[in-house]
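Notes follow the structure.
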Amino acid sequence: MPQQEPVSSSLTELQVGSRTSVEGWEAALQRFMVQKAVCRGDRVLEVGYGLGMASAAIRSSAPREHWIIEPYAGVFGLSLTDVLDHVSGILMSRWQELIPLWRDETIDSIIYDADPEHCDSFTGSVEDTFIFARDFVVAAQKILTKNGRIAFIDFSAELQTFKPFLGLLEQNGLRCACHAHFIEPPLGCAYAKTGNSQIVLVSRL
Ligand SMILES: C[S@@+](CC[C@H](N)C(=O)[O-])C[C@H]1O[C@@H](n2cnc3c(N)ncnc32)[C@H](O)[C@@H]1O
């Protein structure tokens, strides 16, 4: 079990320690990510539960399996029993510890939305987004089935032309497809601004 930070969750905001992890304005974007990434009957791995917005959309897509990796028990609050009734299992740890232990080629779609490692300083820039995605993509690609995909949010909407990202894809035999989604975060949001964001889908060549 990871060291637990105090978690406070409402319908519209999740705070982990002193930082805001996710807010309710992302609901449509989270649904869009799941619609683009998850097919009916998939074996799905969700990384980072947050407010459960993506989780609800995964449930609606009738997956064959739905696993959740989430280090903080407190994010589930009183809904833990309800979540457990609908998923294959919750693994309470960080992805960094669990992904290396996962069996290869067993997951069709991964919704990757953990907090960035240094989320206090995460600005949503293309550089920060690359760092957020890089280690996960390298570690998790081995657990994808042949047609499997990793989905994550790019608030900068610049990752698909960012040279280090293109190099990472090439070195690892991967490709990406991007889907634009218009967002209107509240004024003062530290990691996103009004305009197009993108859902990035990474899969094997
Ligand atoms: C941005 S929120 C996820 C939002 C979620 N997709 C939703 O629809 O509400 C990030 C979540 O990742 C969790 N998290 C933080 N670090 C993590 C790690 N290393 N591995 C897995 N989950 C992590 C946080 O506790 C939080 O629940």
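The values are calculated or read from the model by the stated rules, or taken from the named source; none is laboratory data. Because the structure is predicted, anything quoted here is derived from the model rather than measured. Here Cβ is always computed from backbone atoms with ideal geometry, including for glycine, and neighbour counts include all displayed protein chains.
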Considering only helices (runs of 4 or more DSSP H) wholly within the range 32-108, the ones with at least 2 residues that are surrounded by 21 or more Cβ atoms within 10 Å (Cβ to Cβ) and in contact (Cβ under 8 Å) with a residue 24 or more places away in the chain are 53-60
Only unsatisfied item for Gln198, checking (1) touching a Lys or Arg at 6+ places or on another chain (Cβ under 9 Å); (2) surrounded by 14 or more Cβ atoms within 10 Å (Cβ to Cβ); (3) in a strand (DSSP E or B), is (1)
Only unsatisfied item for Ala27, checking (1) at pLDDT below 95; (2) surrounded by fewer than 18 Cβ atoms within 10 Å (Cβ to Cβ); (3) near the ligand (Cβ under 10 Å from one of its atoms), is (1)
_Looking at the range 14-24, can you tell me whether even one residue there is out of contact with any helix residue (DSSP H, G or I) (no Cβ under 9 Å at 6 or more places or on another chain), closer than 26 Å to Lys146 by Cα, near the ligand (Cβ under 10 Å from one of its atoms) and not hydrophobic (A, V, I, L, M, F, W, C)?_
no
Only unsatisfied item for Asp42, checking (1) near the ligand (Cβ under 9 Å from one of its atoms); (2) touching a Pro at 6+ places or on another chain (Cβ under 9 Å); (3) among the acidic types (Asp, Glu), is (1)
Counting only residues in the range 63-84 that are of a type in the set (A, V, I, L, M) and under 20 Å from Leu144 (Cβ atoms), the one farthest from the ligand (Cβ to nearest atom) is identified as Ile68
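So that you can scan it fast, the table gives a plain yes or no per residue for (1) over 29 Å from Leu101 (Cα atoms); (2) at pLDDT 95 or above; (3) not in a strand (DSSP E or B):
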residue: Arg134; (1), (2), (3): no, yes, yes
residue: Gln141; (1), (2), (3): no, yes, yes
residue: Ile153; (1), (2), (3): no, yes, no
residue: Ser156; (1), (2), (3): yes, yes, yes
residue: Phe165; (1), (2), (3): no, yes, yes
residue: Leu169; (1), (2), (3): no, yes, yes
residue: Cys176; (1), (2), (3): no, yes, no
residue: Ala180; (1), (2), (3): yes, yes, no
residue: Gly188; (1), (2), (3): yes, no, yes
Checked the range 154-186 for anything touching a residue at least 40 places away in the same chain (Cβ under 8 Å), crowded, with 18+ Cβ neighbours inside 10 Å and under 21 Å from Arg204 (Cβ atoms); matches are Asp154, Leu159
Residue hits (the range 8-23; surrounded by fewer than 14 Cβ atoms within 10 Å (Cβ to Cβ) and in contact with a Ser or Thr (Cβ under 6 Å, 6 or more places away or on another chain)) are none
For the range 109-123 the number of residues that are assigned to a helix (DSSP H, G or I) and either within 10 Å of the ligand (Cβ to nearest atom) or of a type outside the set (D, E, K, R) (or both) is 2
